[in-house]
Amino acid sequence: MSTIKQGRRPQARWAAPMLALALAACGGGDTSRPAASAMDASTGGMAKAMAVTPAAAAPAYNYAEALQKAILFYEAQQSGKKPDWSRVSWRGDSRLTDGSDVGLDLSGGWYDAGDHVKFGFPAAWTATQLAWGALEFEAGHKDAGQHDALLRNLRWINDYFIKAHPSANVFYGQVGNGSTDHSWWGPVEVYPKAAPAYKIDATCGGSDLAGETAASLAAASMVFKTSDPTYSATLLTHARQLFTLADTKRQKYVECITDAQGFYNSWSGYNDELAWSAIWLYRATGEAAYLDKAEGFVGSFGTEGQTSFLPYKWTQDWDSKHYGSYLLLARLTGKQKYKDAMERNLAYWTTGTPEGERVTYTPGGLAWLSSWGSLRYALNESFIALVYAKDVADATKQQRYRDFAMQQLNYALGSNPRNSSYLIGFGANPPQHPHHRTAHGSWADSQSVPTNHRHVLYGALVGGPNASDAYTDSISDYVSNEVAIDYNASIVGVLAAAQQLFPGSVPLANFPQAEVASEDEYFVEASLNSTGTTYTEVKALANNRSGWPARVTDKLSLRYYVDLSEVIAAGRSAADIKVSSNYADGGVARGLVRCGTSNLYYASGDFSGTKIYPGGQSAYKKEIQIRIAAPDSTTFWNPVNDPSYTGLGAPGSTAVKVANITLYDDGRKIWGNEPAACGGVVLPVPATPTGLAAAAGVGSISLSWSAATNATGYTLKRSTTGTAGSFALLASPTGTSYVDSGLAGNTRYYYTVSARNDSGESAASDPVWATTPVGPPAAPAPTATAGNATVTLNWATVAGAASYEISRATSATGSYASLASGLSVLTYVDSGLTNGSTYFYKVGARNTAGVTLSDPVSATPSGGGGGGGGSSNCTLTLDSTNDWGSGQVLRVLLSNTGTTAITGWGFSFTESNPFTSTNSWSGTFTVTGTQVSYTPASWNASVPAGGNIDAGMQLTYSGAKPVPGAVTMTGASCSVVIK
């Protein structure tokens, strides 16, 4: 369950500066440089307001609803004391003691993603981006009715930054340890791990972290300047101090907060954050010294590869702020070099540069930059395009930029080959299984328990599809299906802009509705442990599977009820009955206690002082064995009339949920039926539900039935044969409908439903069935083997496939051309190829329902020739020490200490044990079994004298740790070091 976020930024180089989007607030903006007074969103300026003509087209989606939900996501990420204004009913207080290890209150802020670390670097960029959107598209936020909600969330995160900045030269940039956090899967309200605080200061700095936080505080000071000038001034004071720290102690923050290296490494360095924060301080204060500093820092940005151009092949994100700096400097100074940099970047993302370079586009139209969070990059650039469209005078460019942004937004909302939304809880077929611990709500520290998420994480944008538009809604896929605060940062502003461009959408009324628990949160499971002529011994387990919200309890107790009528009839009393326990996991057996004047008594299992919480197998339930015994050699003991005896299985049987053993939290009943004499009223068991119906669709079956009187929930069971005993538990819904998804095609499924309440469960209904239609076959898993001017592809039979087809490209994410179709064999030879060139292939399996393509495989034909030249004065290091027991970041470093460049280089090696590659950067790692070959990217194919290349691959495994060996190089003869 470890999620290593280094792959969120897979490039070992900073990949190109990120355009920071500098839109001026609707109706306001920045003054030009000569102005000396402070500027905010109400002072007027150079940027033009976003025009909306009376003939604006109707919105393609309800942008107001999407914006409403996208902002709500941030409330699901809140840490600390839950504020009164939070609208997420299933969240509660969490991590109230953050900072106690350093004597501070560092509660508050946002959890980063599907985990529970508070990473300050991406959080600061997220807050800056949200504030920028608030300034640029204020009218859209207000028209959608979401402006107040946005400001509440901006205040929440900036309040946390103020807490984390206890003195001028100290800033706490992370709370929680990444590896420790990722070792546990559960709701954060019951977080069982330590969460250490990490800082930067004047001794060990972090210019990137401090600079980005200064930018956030300065941007927020502009947002709040009119509505709360005192708070605005406080924000600006902290922004100034943090900028001074960033500028004075110039250092990458990961050198001091080293735990962040494997998650949010500052690949681009800190000059971009220094420029970015100086720009925002100039905007907020009007002090020209900040603008002078910003332009000076831009001079350190370098160029794109070997060109003379400022970097243009990336976009604004948590790591790179270059393009945002260009955009705002173009607006503030009017200088052509910043405009040129901005428009070259936008050309790269839209129509292509004059040299023909263009970002990869998926077949469905997504501008696809990288696998980890592909949608956020497209939306980040969309934000830039919409902002710059306000500034550009060329009407053709303005429309091109807006068209690009709306195409990318609409793709994310459902205009894609899957006809599915990637915004959770919005539109058609949105994701159901995001990689998010608290929304999943596992009580067992397991991604597979429960099967379905307990909560809807409204408004969260998932990572997104691969370069072929393919996507799997899987909880374990943290590359494509995790969510994160930075993923939503730009779509919020883009949606507000869409609301301005295409007015008419309205948010949902009375949203969100408070969630109601869909299953029992607390209950008792029990079975007979042992019986005899003079005693009954029961095994009882107190369960805490709370999730609305999850809670830690340490005052649980249960009661087992007995009827002592036969004891009294034998001339004995309750004093003759002994209550004891041979085993208790933190509980104590007590009793007997009489119910009024009746013959009913109860023994209790008291877990006071023992924490029971939904945090893992040993945490969410505690067992006690209670023995209730008459004196030896007596014959009157008879448990049949005992209220709690009913429904218990035979000794040795599996414990089952029972309602006749009650459960209490600090004396308040939370589960079960007390006998009437003990204060309870017995509710009749509900009748069997009627009207069960099943309707099949591709991959799913929709079930519905009529409500049963007195039912508090239902039990659905499923079978593929319909025979007695073959039905297994499917779900325990509280409503009268359910969609069973993820089903195989052309398969008949049978279902029954029963009704339940605290008194028990009805008989199951008669089975109904439905047959799913045939769906596309699964993806093939081909292998590619190189020969002399040939590549041979082989693959195994795919169930349901009528034929196979082959396509080829010259890069993994390039344009694939068809080679063959209608194949019935399981092999294909591609001949007439150029030796030394790498070819990429996809194999498709097709039937009448469609085609499913494999992931790319590659091979490099060879006629036996050797590699290129190079210097022998070089070292190739393969470092596998960043390993956490089930995964690893394999770092590759090539250092050229010679006097000539190394060209045409590459290498291959063999891992000692099987593994799965999940991500790589700075080149292509081709994996076949345990064999790995590496081909550098175009920008690092030549390593200059004195230079070095840093690349890597992230992998997962089970069993023994994979260690690289048998390394072979091409293009150079270097010494090899394996760590």
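Looking for whichever is surrounded by fewer than 16 Cβ atoms within 10 Å (Cβ to Cβ) and in contact with a strand residue (DSSP E or B) (Cβ under 9 Å, 6 or more places away or on another chain) here; the options are 906, 923, 929. Which one fits? Break it down into steps so the answer makes sense when it comes.
Working: 906 fails: surrounded by fewer than 16 Cβ atoms within 10 Å (Cβ to Cβ); 923 fails: surrounded by fewer than 16 Cβ atoms within 10 Å (Cβ to Cβ).
Of 906, 923, 929, the one residue that is surrounded by fewer than 16 Cβ atoms within 10 Å (Cβ to Cβ) and in contact with a strand residue (DSSP E or B) (Cβ under 9 Å, 6 or more places away or on another chain) is 929.
Part of a loop (DSSP other than H, G, I, E, B), over 24 Å from residue 452 (Cβ atoms) and in contact with a strand residue (DSSP E or B) (Cβ under 9 Å, 6 or more places away or on another chain) - does that describe any residue in the range 703-718? Can you show your working first?
Filtering the range 703-718 down to residues part of a loop (DSSP other than H, G, I, E, B) leaves 705-712.
Pick out the ones that are also over 24 Å from residue 452 (Cβ atoms) and you get 709-710.
With in contact with a strand residue (DSSP E or B) (Cβ under 9 Å, 6 or more places away or on another chain) added as a condition, the list becomes 709-710.
Yes, the conditions are met somewhere in the range 703-718.
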Among the residues in the range 472-495, are any surrounded by fewer than 24 Cβ atoms within 10 Å (Cβ to Cβ), over 30 Å from residue 153 (Cβ atoms) and assigned by TED's automatic domain parsing to the domain that holds residue 60? yes
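Within the range 612-645, work out how many residues are closer than 23 Å to residue 591 by Cα and touching a helix residue (DSSP H, G or I) at 6+ places or on another chain (Cβ under 9 Å). Give the steps one after another, and end with the answer.
Step one: filter the range 612-645 for residues closer than 23 Å to residue 591 by Cα, giving 612, 621-645.
With touching a helix residue (DSSP H, G or I) at 6+ places or on another chain (Cβ under 9 Å) added as a condition, the list becomes 628, 630-631, 634, 636-638, 641, 643, 645.
Number of matching residues: 10.
Take residue 803 and decide whether it is at pLDDT 85 or above and under 30 Å from residue 673 (Cβ atoms). Outline the logic, then answer.
On the way: at pLDDT 85 or above: yes; under 30 Å from residue 673 (Cβ atoms): no.
Against the criterion (at pLDDT 85 or above and under 30 Å from residue 673 (Cβ atoms)), residue 803 does not qualify.
Here is a list: 599, 582, 544, 638. Which entry is closer than 25 Å to residue 679 by Cβ and under 54 Å from the mean Cα position of the chain (by Cα)? Talk me through it step by step, then tell me what you get.
On the way: 599 fails: under 54 Å from the mean Cα position of the chain (by Cα); 582 fails: closer than 25 Å to residue 679 by Cβ; 638 fails: under 54 Å from the mean Cα position of the chain (by Cα).
Sole residue among the options that is closer than 25 Å to residue 679 by Cβ and under 54 Å from the mean Cα position of the chain (by Cα): 544.
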Flagged pairs (Cβ under 6 angstrom, 6 or more apart or on separate chains; first in the range 443-469, within 9 Å of residue 424 (Cβ to Cβ) and not assigned by TED's automatic domain parsing to the domain that holds residue 854; second among the polar types (S, T, N, Q) and buried (at least 19 other Cβ atoms within 10 Å of the Cβ)) are 461/488; 462/481
Selection from the range 588-622 of residues farther than 17 Å from residue 560 by Cα and among the β-branched types (Val, Ile, Thr) yields 597, 610, 612
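If the requirement is being surrounded by fewer than 21 Cβ atoms within 10 Å (Cβ to Cβ), in the same structural domain as residue 106 (by TED's automatic domain parsing) and in contact with a Ser or Thr (Cβ under 8 Å, 6 or more places away or on another chain), which of these qualifies: 167, 221, 183, 216?
On the way: 167 fails: in contact with a Ser or Thr (Cβ under 8 Å, 6 or more places away or on another chain); 221 fails: surrounded by fewer than 21 Cβ atoms within 10 Å (Cβ to Cβ); 216 fails: surrounded by fewer than 21 Cβ atoms within 10 Å (Cβ to Cβ).
Result of the check over 167, 221, 183, 216: 183.
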Discussion item. If I filter the range 353-366 for residues that are hydroxyl-bearing (Ser, Thr, Tyr) and in a loop (DSSP other than H, G, I, E, B), do I get at least one hit?
Written reply: yes
Exercise. Please indicate, with yes or no, whether at least one residue in the range 438-445 is more than 21 Å from the chain's Cα centre (by Cα) and not basic (Lys, Arg).
Key: no
### Task
Check whether at least one residue in the range 732-741 is in contact with a Gly (Cβ under 9 Å, 6 or more places away or on another chain), in a strand (DSSP E or B), within 21 Å of residue 451 (Cβ to Cβ) and polar (S, T, N, Q), and report yes or no.
yes
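Having 2 or more residues that are free of Cβ contacts under 8 Å to residues at least 40 places away in the same chain is the bar; report the helices (runs of 4 or more DSSP H) wholly within the range 171-279 that clear it.
On the way: elements: 178-181, 207-223, 229-248.
Fully inside the range 171-279 and qualifying: 229-248.
What are the residues in the range 87-143 that are over 25 Å from the mean Cα position of the chain (by Cα) and closer than 26 Å to residue 187 by Cβ, if any?
Of the residues in the range 87-143, the ones over 25 Å from the mean Cα position of the chain (by Cα) are 100-105, 135-143.
Those that are over 25 Å from the mean Cα position of the chain (by Cα) and closer than 26 Å to residue 187 by Cβ: 100, 101, 102, 104, 105.
From the list 720, 752, 734, pick out the single residue that is outside the structural domain of residue 801 (by TED's automatic domain parsing), modelled with pLDDT under 90 and among the β-branched types (Val, Ile, Thr).
Working: 720 fails: modelled with pLDDT under 90; 752 fails: modelled with pLDDT under 90.
It is 734.
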The condition of being under 24 Å from residue 133 (Cβ atoms) and either buried (at least 23 other Cβ atoms within 10 Å of the Cβ) or among the small types (Gly, Ala, Ser) (or both) holds, among 284, 288, only for 284
If we keep only residues of the range 745-756 that are farther than 19 Å from residue 691 by Cβ and in contact (Cβ under 8 Å) with a residue 40 or more places away in the chain, then the residue surrounded by the fewest Cβ atoms within 10 Å (Cβ to Cβ) is 746
Taking the range 940-949 and keeping residues buried (at least 17 other Cβ atoms within 10 Å of the Cβ) and assigned to a strand (DSSP E or B) leaves 943, 949
Residue 704 vs (1) under 33 Å from the mean Cα position of the chain (by Cα); (2) buried (at least 18 other Cβ atoms within 10 Å of the Cβ): all pass except (2)
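Return yes or no: is residue 357 assigned by TED's automatic domain parsing to the domain that holds residue 300, within 25 Å of residue 812 (Cβ to Cβ) and surrounded by fewer than 24 Cβ atoms within 10 Å (Cβ to Cβ)? Lay out the reasoning, then the answer.
Numbers: assigned by TED's automatic domain parsing to the domain that holds residue 300: yes; within 25 Å of residue 812 (Cβ to Cβ): yes; surrounded by fewer than 24 Cβ atoms within 10 Å (Cβ to Cβ): yes.
Yes; evaluated as a whole, the condition is true for this residue.
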For this session: Please indicate, with yes or no, whether at least one residue in the range 743-759 is over 38 Å from the mean Cα position of the chain (by Cα) and farther than 23 Å from residue 862 by Cβ.
Result: yes
So, first residue over 17 Å from residue 208 (Cα atoms) in the range 299-317, second residue among the basic types (Lys, Arg), Cβ within less than 9 Å, six or more apart or across chains; the pairs are 304/313; 304/344; 305/313; 309/344; 310/337; 310/344; 312/344
The range 815-927: strands (runs of 3 or more DSSP E) wholly inside it with 2 or more residues that are over 20 Å from residue 943 (Cβ atoms) and touching a residue at least 60 places away in the same chain (Cβ under 8 Å) are 839-847, 850-853, 857-859, 874-883, 887-896, 916-921
By residue number, the members of the range 871-894 that are farther than 25 Å from residue 905 by Cα and of a type in the set (D, E, K, R) are 883
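The values are calculated or read from the model by the stated rules, or taken from the named source; none is laboratory data. Since this is a predicted model, take the numbers as computed values, not measurements. Here the Cβ is made from the backbone with ideal geometry for all residues, glycine too, and neighbour counts use every protein chain on show.
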